[in-house]
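S.K.: Following this message is one structure expressed as structure tokens.
The values are calculated or read from the model by the stated rules, or taken from the named source; none is laboratory data. If you're wondering where the values come from, they're calculated on a predicted model, not measured in any experiment. Reconstructed Cβ throughout: ideal geometry from the backbone, glycine too, with neighbour counts over all protein chains shown.
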Amino acid sequence: MALLEMKNVSKRFGNLMVLDNVDVELRSHETLAILGGNGAGKSTLMRILNGTYPYDAACSGQIILDGKEVYFSTARDAEEAGIVMIYQEINLQLDLNAAENIYMGIFPRSNLGSIDWKTVKRGAEDILQNLGVDIDVNIPVRSFGASMQQQICIARALVRKPKLLILDEPTSCLTETETVRLMETIRQLKRQGISSIYISHKLNEVMDIADRIVILRDGKNASAYEKADFDADRIVEDMIGRSISNMYPKVDKTLKEEALRIENFTVAHPYARNKNIMENASFFIRKGEVLGLAGLVGSGRSELLRAIFGAIPKHSGKVFIEGKECEIREPAQALRLGLGYLTEDRKLDGIISTMNIKENMTLAILKKLSRLQVMDHKQENAIAQQYAGSLNIKFRGINDGIMSLSGGNQQKVVLSKLLMSHLKILFLDEPTRGIDVGAKNEIYKIINDLAKEGMSIVIVSSELAELLEICDRFVILSKGTTRREMDKDEVTEHKVLHACSGLD
Amino acid sequence: MIIPVLLFTVVVAFINPTFITKANVINNILRSSSFSLITALGMTFVMIGGGIDLSVGSIMGLGGVVTGISIQANIPIPVSILLGILVGVIFGLINGLAIVKFNLAPIMMTLGMQYVARGIIYIVTQGAPVYPLPAEFQSIEQNSVLGMPTVCWFALLLAVLMLFIQTQTRFGRATYAIGGNPESARLSGINVGITKCVIYSMTGAFAALAGIFMASRLGSAQAGYGQGSEMMIIAAVVIGGTSTFGGSGTILGTIIGVLFTNILSNSMTLLKISMYWQTLVIGLILILAVLLDGYKRKKSTAM
């Protein structure tokens, strides 16, 4: 019996056909994964389903839920019909507590019409306990880690009594252990009769959790597989429409002298007062080396890199570049010294959404492109075109807005911005988050090429498999410091996870 | 935006031919537009940079008063003018420094400065206009070059200069960057603090200049001059297409926005529509402009 049928669903934005007669069926008691590269139409399809994109003249096709045709014009309509979506970004009110967040918008009322706080509190506690989460629901959610916040998002979805749960990239800010916990939750919900649609770029995760996979490409159905027929290579091929022979390209190189050394870095906790997120962290990296910083979310990986780069203040600590001690208080100084930082969240502090592609690319080298303040537009165009070519950035015009690009291409724009300033050392914080397999592969190639040319690269990634493949050496962060080091030949996923959790 | 302005002009000209007489166009529309444009050019940068400046009205008044008092104290006219501008720069710089160093909301800091600057004017002048001012000083604004008042020429030159700065310089690019996403800009090595301070200082200088021109035109520096004009200027800038969220806008748009608001009030006066209605119409058009801005933003980030 099908719980949900979407038949011949099409949607256009202006002249652009983003969905072209897509068919998706969800059976009851099923976890269905929808895969596809950036721009394949997954998010659009889900937004039509959950009412964020109202079903209007630009849409066509049928949506049948429980045998009844349904068309939603707001997310609230969809929620009332039993379709609830959990978004990629955690969208909680950080200064409200868990109970308030969970019941936001559907507060139970007492006879007098005021909010029945007792029921709110008890309901929130019950639902969290069902999820295996034991927290104080009176504490502002700001003080919880990403994983716990994610659980609160799930609780908020469940309290709305969904028949169908949509999870859009729910693990993009979770670590491996937290991901495992989420998978267990989804299985448990399935046993309770809640079907889910699961969207993710992470193939191993999808193959683990899904009963069936539907693949979209360029707004059309590409293929579908039952659990027994899952095959990673074929799925990737269907997603990108060609085959990738070499997901993690290998290179031969010789490591040379030290490029950067960090000694005794102590960084304050961003949220908790009088607490340090990182204490006495030290590591070094050689020229041409790719170093992986492994740690759980909240282990201070990003904060450590940000503090070295001068983006946030440090308490103490020394930075040596090629043996010389440097004082870095502002990102501008770091860039002058040949140190660059690709931020974790490109929408938050990577791109400038109001500027065009070219302007985003040349942002860090405006000084070089100008004389006495006056910009050399010719040179700017030339250098932007050159990097767009060498990084294979795809766009219609280089003066188009940055938001017209897919996530992978946006990431390459931010990366080219850094590369233009001729760096010696590059920090990459989650360089492949939220981008499709094809673009990931290209980013790995770029990383390899840069290392081959002698650049030192420090990578933070929540995708452990990726980190293990592309790095030469690993520094493990746990308990607020650089706990230990591992070489490529001794490292395994198990060992790293163990060390990250502070169990060794 | 250009098309509705032209259309409107034609219609009004048809109803009341006085509207397109040389005297009305030059002496009323262009002249009054020039006064607002000088300050609006600075405001455009402030708003593209993601800020707002509510203190410009008071700084206009202050610029005129400082220059007027200096002239009366027998300080040479050019030096007096420079002193007026300098005071504008200092007040703008204080705005900028406070916003950068203490991370104050621009709207609150400059609102405070609006009162402070106006307060200083009243304390110094006791509310009385500073006059008489000598004929040489009055002639600065009252003279014409090639049939156009000097203030129009000055506003035009300043507009061309700002257009150049906006489109051709590193500072212009940095302004768009800090308005679009200050954190991205900082991480890309742009000095957000200095850029903001320069923008606010510049705006202070322009506002003071507008006030000095007005003192020259009237032959006296009025203690109340500029009161409320910050709102008209912000309205004109927004009608000209500058985003209230920062990150986008153009000098050309501001010129059109300023001309439009001035043409509108001038034509309504000629059509004998009461002042009270004019205020209401400008308000409605402002809301329309903001709606348009929101719509454009939504469209560009929808995908």
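S.K.: Out of the stretch A:27-43, which residues are buried (at least 22 other Cβ atoms within 10 Å of the Cβ) and either without any contact (Cβ under 8 Å) to a residue 24 or more places away in the chain or at negative phi (or both)?
M.R.: Result: A:Thr31, A:Leu32, A:Ala33, A:Ile34, A:Leu35, A:Gly37, A:Ala40, A:Lys42.
S.K.: While we're looking at this one, here's another question. Got a number for residues in the stretch A:350-368 being at the interface with chain B (Cβ under 8 Å from one of its Cβ atoms) and either surrounded by fewer than 20 Cβ atoms within 10 Å (Cβ to Cβ) or hydrophobic (A, V, I, L, M, F, W, C) (or both)?
M.R.: Within the stretch A:350-368, residues that are at the interface with chain B (Cβ under 8 Å from one of its Cβ atoms) and either surrounded by fewer than 20 Cβ atoms within 10 Å (Cβ to Cβ) or hydrophobic (A, V, I, L, M, F, W, C) (or both) number 8.
S.K.: Of all residues in the stretch A:1-42 being part of a loop (DSSP other than H, G, I, E, B) and among the hydrophobic types (A, V, I, L, M, F, W, C), which is farthest from A:Lys68 (Cα to Cα)?
M.R.: Among them, the one singled out is A:Ala40.
S.K.: Now for a different question. Checking the condition farther than 26 Å from A:Asn409 by Cβ, more than 24 Å from the chain's Cα centre (by Cα) and facing another protein chain (nearest Cβ under 10 Å), which residue from A:Arg329, A:Arg371, A:Arg286 passes?
M.R.: Sole residue among the options that is farther than 26 Å from A:Asn409 by Cβ, more than 24 Å from the chain's Cα centre (by Cα) and facing another protein chain (nearest Cβ under 10 Å): A:Arg371.
S.K.: Just to be sure, is A:Ser28 among the hydroxyl-bearing types (Ser, Thr, Tyr) and within 14 Å of chain B (Cβ to nearest Cβ)?
M.R.: No; evaluated as a whole, the condition is false for this residue.
S.K.: How about the stretch B:47-67: which of its residues are out of contact with any strand residue (DSSP E or B) (no Cβ under 9 Å at 6 or more places or on another chain), among the β-branched types (Val, Ile, Thr) and over 13 Å from B:Gly204 (Cβ atoms)?
M.R.: Once the filter is applied, which keeps residues that are out of contact with any strand residue (DSSP E or B) (no Cβ under 9 Å at 6 or more places or on another chain), among the β-branched types (Val, Ile, Thr) and over 13 Å from B:Gly204 (Cβ atoms), the stretch B:47-67 yields B:Ile48, B:Ile52.
S.K.: Any chance the stretch B:125-140 includes a residue that's in contact (Cβ under 8 Å) with a residue 60 or more places away in the chain and either under 28 Å from A:Val374 (Cβ atoms) or acidic (Asp, Glu) (or both)?
M.R.: Among the residues of the stretch B:125-140, not one is in contact (Cβ under 8 Å) with a residue 60 or more places away in the chain and either under 28 Å from A:Val374 (Cβ atoms) or acidic (Asp, Glu) (or both), which makes the answer no.
S.K.: Go through the stretch B:249-266 and report how many residues are among the polar types (S, T, N, Q), in a helix (DSSP H, G or I) and surrounded by fewer than 22 Cβ atoms within 10 Å (Cβ to Cβ).
M.R.: Number of matching residues: 2.
S.K.: Provide a single number: the residues in the stretch B:138-192 that are in a strand (DSSP E or B) and surrounded by 16 or more Cβ atoms within 10 Å (Cβ to Cβ).
M.R.: 2
S.K.: Hey, which of the strands (runs of 3 or more DSSP E) in the stretch A:385-487, taking only ones fully inside, have at least 1 residues that are farther than 30 Å from A:Lys275 by Cβ?
M.R.: Qualifying strands (runs of 3 or more DSSP E): A:456-460, A:481-487.
S.K.: Considering only the stretch B:25-58, state which residues are among the aliphatic types (A, V, I, L, M), in a helix (DSSP H, G or I) and within 11 Å of the chain's Cα centre (by Cα).
M.R.: Residues satisfying the conditions are B:Leu37, B:Ile38, B:Ala40, B:Leu41, B:Met43, B:Val46, B:Val56.
Rundown of residues vs (1) at pLDDT below 90; (2) touching a helix residue (DSSP H, G or I) at 6+ places or on another chain (Cβ under 8 Å); (3) more than 19 Å from A:Leu339 (Cα to Cα), yes/no style:
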{"position": "A:Lys275", "(1), (2), (3)": "yes, no, yes"}
{"position": "A:Asn280", "(1), (2), (3)": "no, no, yes"}
{"position": "A:Phe284", "(1), (2), (3)": "no, no, no"}
{"position": "A:Val290", "(1), (2), (3)": "no, yes, no"}
{"position": "A:Leu296", "(1), (2), (3)": "yes, yes, yes"}
{"position": "A:Arg306", "(1), (2), (3)": "no, no, no"}
{"position": "A:Gly310", "(1), (2), (3)": "no, yes, no"}
{"position": "A:Val319", "(1), (2), (3)": "no, yes, no"}
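S.K.: A further question on this structure: Condition test on A:Arg329, is it in contact (Cβ under 8 Å) with a residue 12 or more places away in the chain and either closer than 17 Å to B:Ile190 by Cβ or among the hydroxyl-bearing types (Ser, Thr, Tyr) (or both)?
M.R.: Yes.
S.K.: Would you confirm, using the coordinates I've provided, whether B:Gly246 is modelled with pLDDT under 95, under 13 Å from B:Met47 (Cβ atoms) and assigned to a loop (DSSP other than H, G, I, E, B)?
M.R.: Yes: the conditions hold for B:Gly246.
S.K.: So which of A:Thr31, A:Thr44 ends up being under 22 Å from A:Ser406 (Cα atoms) and in contact with a strand residue (DSSP E or B) (Cβ under 8 Å, 6 or more places away or on another chain)?
M.R.: A:Thr44
S.K.: Please go through the stretch A:256-308 and give me each residue that is among the aromatic types (Phe, Trp, Tyr) and buried (at least 24 other Cβ atoms within 10 Å of the Cβ), ordered by number.
M.R.: A:Phe265
S.K.: Can you pull out every residue in the stretch A:289-316 that is farther than 13 Å from A:Pro270 by Cα and within 14 Å of chain B (Cβ to nearest Cβ)?
M.R.: Passing the criteria: A:Leu305, A:Ile308, A:Phe309, A:Gly310.
S.K.: Under 6 Å by Cβ, and 6 or more places apart or on different chains, what pairs join a residue from the stretch A:174-199 that is over 19 Å from A:Asn50 (Cα atoms) with one that is modelled with pLDDT under 80 and not aliphatic (A, V, I, L, M)?
M.R.: As it stands, the answer is A:Leu174/A:Ser147; A:Thr175/A:Ser462; A:Glu178/A:Ser147; A:Thr179/A:Thr171, since those pairs meet every condition given.
S.K.: Another question about this same structure. Looking only at the stretch B:165-199, how many residues end up being closer than 18 Å to A:Ile402 by Cβ and hydroxyl-bearing (Ser, Thr, Tyr)?
M.R.: Summing the residues that are closer than 18 Å to A:Ile402 by Cβ and hydroxyl-bearing (Ser, Thr, Tyr) in the stretch B:165-199 gives 4.
S.K.: Collect the residues in the stretch B:215-227 that are under 13 Å from the mean Cα position of the chain (by Cα) and surrounded by fewer than 24 Cβ atoms within 10 Å (Cβ to Cβ), keeping them in residue-number order.
M.R.: Passing the criteria: only B:Gln227.
S.K.: Return the only residue of A:Gly113, A:Gly61 being more than 30 Å from the chain's Cα centre (by Cα), assigned by TED's automatic domain parsing to the domain that holds A:Arg181 and free of Cβ contacts under 8 Å to residues at least 24 places away in the same chain.
M.R.: A:Gly113
S.K.: Considering only the stretch A:130-162, state which residues are modelled with pLDDT of 85 or more and part of a helix (DSSP H, G or I).
M.R.: Matches in the stretch A:130-162: A:Val141, A:Ile152, A:Cys153, A:Ile154, A:Ala155, A:Arg156, A:Ala157, A:Leu158.
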